[in-house]
Amino acid sequence: MRGALATVGVAAAVAVAINLPFAVLGFRGWLASFAFQGKRTADITTNSLWYWGLRPLIGDDDTYDAVVSVASPVLVVASFALALWIGVRIARRTGTYPWLQVSAAMLCGFLLLHKVHSPQYVLWLLPFFVLLRVPWPLVAGYLTANTALGIALFRYYAALGTDPDAARRWEYAVWFGVWGQIALLAVLFTVFLRASPTGDGPQRSPRSPVRREPSSGKPPDRTTVL
């Protein structure tokens, strides 16, 4: 539990350290960005699970906005709590709280469930791809989906009002990017929690036990040849 509280404390301290200079030097400008995001709805510009997944099911915009405004923050906090709880269970088994892995999983929960997603958010994930042992196919898959979204998104917006056929084609690429990232973020949430730091040395597969030479019963020859 102490490790979980420390992880939350470090996250809070980092958030304060990053925001405090801007809040002090230009409070109104600093507050404006938070006010804008607070009033923002999960529309077509948000590239989120909510717009592409939930909105077609609900249809009514007012009902949709009301549901997302509650469900998104509640589920983000729930994903944080789940990651912290799993971290506590790991710590009880290993004796060390996996704060780096838990932080990565919490970021995945935020990116997956927040009402707004943007292609440049991948910059937040890149350090964890370096610091933790993540299978390269997952990294390559996420970067591919992210690149597809980043390229297709603005082409799609530009074609919406001018070329419906082109917009339909670019929409497929946007779908690939959005749903590819959604699927991989859900997988990475689990993979990060099970990953080991890259600084721990070479990792041996549990399916490949160390081979030991049979003992002959004789003491080893320690003769030095000059």
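Key figures
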quantity	calculated
Members of the range 169-204 found to be among the charged types (D, E, K, R) and farther than 14 Å from I44 by Cα, listed by number	R169, R194, D200, R204
Residue under evaluation Y97, criteria (1) over 27 Å from Q120 (Cα atoms); (2) at pLDDT 90 or above; (3) not in a loop (DSSP other than H, G, I, E, B), criterion not met	(3)
Helices (runs of 4 or more DSSP H) wholly inside the range 1-85 that include at least 2 residues being touching a helix residue (DSSP H, G or I) at 6+ places or on another chain (Cβ under 8 Å) and closer than 25 Å to V174 by Cβ	55-58
Criterion: crowded, with 19+ Cβ neighbours inside 10 Å and at pLDDT 95 or above - qualifying residue of L188, L153	L188
Near pairs, Cβ below 6 angstrom, 6+ apart or cross-chain, from the range 37-64 (small (G, A, S)) to any residue that is assigned to a helix (DSSP H, G or I)	A42/W50; A42/Y51; A42/V68
Unique match (being crowded, with 16+ Cβ neighbours inside 10 Å and out of contact with any Leu (no Cβ under 8 Å at 6 or more places or on another chain)) among S33, S72, S48, S79	S48
Pair list, Cβ < 6 Å and 6+ apart or interchain, from the range 86-106 residues that are within 12 Å of A6 (Cβ to Cβ) to residues that are crowded, with 18+ Cβ neighbours inside 10 Å and hydroxyl-bearing (S, T, Y)	G87/Y97; A91/Y97; W99/T7; V102/T7
Selection within the range 100-147 - among the small types (G, A, S), modelled with pLDDT of 95 or more and within 18 Å of S196 (Cβ to Cβ)	A104, A105
Positions within the range 156-185 being surrounded by fewer than 17 Cβ atoms within 10 Å (Cβ to Cβ) and under 16 Å from the mean Cα position of the chain (by Cα), in sequence order	W179, A183
Selected residue [exposed (fewer than 10 other Cβ atoms within 10 Å of the Cβ) and under 25 Å from H117 (Cβ atoms)] from G53, G87, G38	G38
Odd one out for Y121 among (1) within 18 Å of the chain's Cα centre (by Cα); (2) within 17 Å of N47 (Cα to Cα); (3) free of Cβ contacts under 8 Å to residues at least 24 places away in the same chain; (4) surrounded by fewer than 16 Cβ atoms within 10 Å (Cβ to Cβ)	(4)
Selected residue [of a type in the set (A, V, I, L, M), closer than 18 Å to G109 by Cα and free of Cβ contacts under 8 Å to residues at least 24 places away in the same chain] from V16, V24, V70	V70
Residues (touching a residue at least 12 places away in the same chain (Cβ under 8 Å) and in contact with an Asp or Glu (Cβ under 9 Å, 6 or more places away or on another chain)) located in the range 153-189	Y156
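Conditions (1) within 27 Å of T147 (Cα to Cα); (2) not charged (D, E, K, R), marked per residue:
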{"residue": "R28", "(1), (2)": "no, no"}
{"residue": "Q37", "(1), (2)": "yes, yes"}
{"residue": "N47", "(1), (2)": "yes, yes"}
{"residue": "W52", "(1), (2)": "yes, yes"}
{"residue": "G59", "(1), (2)": "no, yes"}
{"residue": "D62", "(1), (2)": "no, no"}
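The values are calculated or read from the model by the stated rules, or taken from the named source; none is laboratory data. Just so it is clear, the model here is predicted, and its values are computed rather than measured. Methodologically, a virtual Cβ is constructed for each residue, glycine included, from the backbone with ideal geometry; neighbour enumeration extends over all protein chains shown.
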